[in-house]
1. Please give me the summed charge of the neighbours of residue 186: other residues whose Cβ is under 13 Å from its Cβ, Lys and Arg +1, Asp and Glu -1.
2. What's the FRET efficiency of residue 49 with residue 121 using the Cβ-Cβ distance as r and R₀ = 30 Å, to the nearest 0.05?
3. May I ask you to order 267-278, 359-370, 156-167, 203-214 by the average number of other C-beta atoms within 10 Å around their residues, highest value first?
4. Of the accessible area of region 286-375, with the probe set at 1.4 angstrom, what percent is carbon plus sulfur?
5. Pop out the carbon and sulfur fraction of the accessible area of region 203-259 as a percent, whole number, probe 1.4 Å.
6. Under a Cβ-only charge scheme (Lys and Arg +1, Asp and Glu -1), can you give me the dipole magnitude of region 99-247 about the Cα centre, in debye to the nearest 20?
7. Set the Förster distance to 22 Å, then compute FRET efficiency between residue 314 and residue 179 from the Cβ-Cβ distance, nearest 0.05.
8. Might you tell me the accessible area per residue for region 319-387, computed with a 1.4 Å probe and given in Å²?
Amino acid sequence: MAGTEIDKTKKINRRQFFQTSAAGSIMGATALTANKGKLCADIVRNSVIQEREDFAVVITDKCKRMHQRDTIFCRQLWDHDLVKKVMAIEEAAKPKPAKPAKGWTHLDQALNAAGWAVDNKFAAGSENGQPHSQAYVWDEPAQRRRVEFKDPEDAAKKAKKAASFLGASLVGITRYDPLWTYSHLLKEKMGEDAFNKGPPQFDIIPPDFPFKPKSVVVIAVEMDYKTMALSPSSLEGASTGLGYSHMASVGYSVATFLRELGYRSFACGNDVSLSVPYAVAAGLGELGRNGLLITRKFGPRVRLVKVFTELEIKPDRPKTFGVWDFCKSCRRCAESCPSGAISFDKPTLKGETISNNPGVLKWYINPEKCIEFWIENGSDCANCITVCPYNKPDMWHHELSAAATALPVASLHVLMAKMDKAFGFGKIQGEQANAAFWDAE
Ligand code: SF4
Ligand code: SF4
């Protein structure tokens, strides 16, 4: 197997062993060639993915539409206690070493700025929840002459083809559901006047879109595997920033495609609505213990952007492949979270802070603890993405290994989570790896 062949005269280390045959050692597939292995992985993968009629996460009648005011990023606009706390953390974290640590050098920070550049230029507000702005405006006009599709299935085929061409790593379709749209939105006032008045000024606006959305095209964009593993550092931040830049680019492009066909459409990122429920509904993945979407191909290593459209598109069904059961035994994200924001316990119906919308049975993370760590760290963090056993490069033996997680055997799940860790996957890399980034091929 080119690229994975090992010199048998040399001692095989644990990592090499796992990279060449870990899944095979579990599943008796070591003798497979890459092509047969991939075929086998495809068969196993397809046999463990279940299409569902229902939503795949328990939603009770306590779940109501969330006010955007309560989201952690919008709380910086009005929650003075949180702002004070965060500022004190920032102040205390100020002293930096004279020589920048690896992962935080000038070179690293330049790459970080470059990763964020497109988002900063064309979609700066969205990552903090600012609705109806730049690449995410609601009211760009559609062509007056409409292209008619044969049926909603035909529309789905074309919309997905276009989204993939325009840069989506994964794409699914679901119906518009107002439950996942914020009941009220916070629109920050911009301009000199607002800046001169001290604390941020904002209006509370209703989500009154210029049309009634019927369908949602849900798009996942992959983030780079190697730089995500350098979390938490400026280099990992570059990867996250590039993910945001791709969200803006792909989302805006797909919305433009649909508008050119004569259907009013707009993209939204972190503004306007929750993303994970739409992605679950559209069959892109399952909800994990870390509060993120776990996709079959990239694990949680994706960013999500949605396109709301008035075009009727055939929806996909939710899909499961064993994440819920696997998360019950695997706690790697909770163990690796530097702020203790991720629960070790059983799923519950409510979280600890006002930024947790109650009524959904899940593992609630504590976004206050998470954001406080980000401030202290001086950059965001992606440990809960990096360490997840579903986060792997796209290689056939990882497919086999991930497929095995769908077997409903708790003891196997515990063993697999341990093996994943023992063989070095999902390891949070240190300064050395950050330094090596620039020299690697
Ligand atoms: S981003 Fe970092 S601090 Fe926040 S929940 Fe994930 S691991 Fe914890
Ligand atoms: S690290 Fe483990 S527990 Fe956390 S989301 Fe991934 S599979 Fe679930």
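The values are calculated or read from the model by the stated rules, or taken from the named source; none is laboratory data. Note that the coordinates shown come from a computational prediction; the quantities given were computed from them, not determined experimentally. Positions of Cβ are generated from backbone atoms using ideal geometry, with glycine treated the same way; all protein chains shown enter the neighbour counts. With ligands, DNA and RNA removed, areas are computed over all heavy atoms of the protein, side chains included. Shrake-Rupley method; radii C 1.70, N 1.55, O 1.52, S 1.80 Å.
1. Details: positive: 69, 75, 187, 189; negative: 70, 79, 188, 203, 271.
In short, -1.
2. Values: r = 38 Å, r/R0 = 1.28.
So, using R0 = 30 Å, E works out to roughly 0.20.
3. Numbers: 267-278: 24.5, 359-370: 20.5, 156-167: 18.0, 203-214: 13.2.
Final packing ranking: 267-278, 359-370, 156-167, 203-214.
4. Result for region 286-375: 52 percent of the exposed heavy-atom area is carbon or sulfur.
5. Details: 1010 of 1750 Å².
In region 203-259, the share of accessible area belonging to carbon and sulfur is 58 percent.
6. Charge dipole of region 99-247: 440 debye, to the nearest 20.
7. Values: r = 21 Å, r/R0 = 0.95.
Between residue 314 and residue 179 the formula returns 0.60.
8. On the way: 2890 Å² over 69 residues.
Dividing the accessible area of region 319-387 by its residue count gives 42 Å².
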